[in-house]
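The values are calculated or read from the model by the stated rules, or taken from the named source; none is laboratory data. Since the model is a prediction, treat every value here as computed from it, not as a measurement. In this analysis, Cβ positions are derived from the backbone assuming ideal geometry, glycine residues included, and neighbour counts consider all displayed protein chains.
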Amino acid sequence: MNLLESGEMYLETIYTLSQQSDFVRSIDICEEMGFSKPSVSRAMKLLKEDHYIEMESNGRITLTAKGLEIAQKIYERHTILTECLRKLGVNEKTAADDACKMEHVISDESMEAIKKFIEA
């Protein structure tokens, strides 16, 4: 199943927050992304229904194996694209902002080519 860009963003945010803390809650996602509680609650409900996340009774949100795979892929794309743009002379903030947009639309083929180019 293909997720919308917003779903990918939520998964990536849960992933990055989980790298900083073992306990990720909806409010943490709200604060990180700047979204309202109702918006995040709705997104979490949809991600849970599609088996990308699990929500415990205490409010803890964790990625399922399916969610983790997508989150790691998006995060890797973001990291590589940001670094590539920085190496081209783009300032840090612009590079990160542009990478955030590109990571959702770039093809696997193009991403693999960029990875190979950077590693060479």
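Residue count for the stretch 19-76, restricted to those that are more than 20 Å from residue 103 (Cβ to Cβ) and of a type in the set (Val, Ile, Thr): 6. Looking at 106, 70, 61, just one residue is of a type in the set (Val, Ile, Thr) and farther than 30 Å from residue 119 by Cβ, and that residue is 61. Restricting the first member to the stretch 30-48 and to residues that are of a type in the set (Asp, Glu), and the second to residues that are modelled with pLDDT of 95 or more, the beta-carbon pairs closer than 8 Å and six or more apart or on different chains are 32/13; 32/16; 32/17. Report whether or not residue 105 is modelled with pLDDT of 95 or more, more than 24 Å from residue 25 (Cα to Cα) and among the β-branched types (Val, Ile, Thr). Spelling it out, it is not the case that residue 105 is modelled with pLDDT of 95 or more, more than 24 Å from residue 25 (Cα to Cα) and among the β-branched types (Val, Ile, Thr). Scanning the stretch 1-50 for residues that are charged (D, E, K, R), surrounded by 15 or more Cβ atoms within 10 Å (Cβ to Cβ) and not in a helix (DSSP H, G or I) turns up just one, 25.
The C-beta contact set for the stretch 11-26 (first residue free of Cβ contacts under 8 Å to residues at least 40 places away in the same chain, second residue outside any helix (DSSP H, G or I) and surrounded by fewer than 19 Cβ atoms within 10 Å (Cβ to Cβ), distance under 8 angstrom, 6+ apart or interchain) comprises 23/60; 24/60; 24/62; 25/59; 25/60; 26/59.
Please work out which one of (1) out of contact with any strand residue (DSSP E or B) (no Cβ under 6 Å at 6 or more places or on another chain); (2) in contact (Cβ under 8 Å) with a residue 12 or more places away in the chain; (3) in a helix (DSSP H, G or I) is the condition residue 59 fails and give its number. All conditions pass for residue 59, except number (3). Condition check for residue 112 on (1) part of a loop (DSSP other than H, G, I, E, B); (2) more than 25 Å from residue 37 (Cβ to Cβ); (3) at pLDDT below 95: one failure, at (1). Of all the listed residues (92, 56, 69), the sole one being within 16 Å of residue 10 (Cα to Cα), out of contact with any Asp or Glu (no Cβ under 9 Å at 6 or more places or on another chain), loosely packed, with under 14 Cβ neighbours inside 10 Å and not hydrophobic (A, V, I, L, M, F, W, C) is 69. Quickly run through the stretch 56-79 and pick out the residues that are under 13 Å from the mean Cα position of the chain (by Cα) and β-branched (Val, Ile, Thr). Those that are under 13 Å from the mean Cα position of the chain (by Cα) and β-branched (Val, Ile, Thr): 70, 74, 79. Of the residues 73, 66, the single one that is within 23 Å of residue 108 (Cβ to Cβ) and touching a His at 6+ places or on another chain (Cβ under 8 Å) is 66.
Only one of the numbered conditions (1) within 17 Å of the chain's Cα centre (by Cα); (2) within 25 Å of residue 112 (Cα to Cα); (3) in a loop (DSSP other than H, G, I, E, B) is violated by residue 89, and that is (1).
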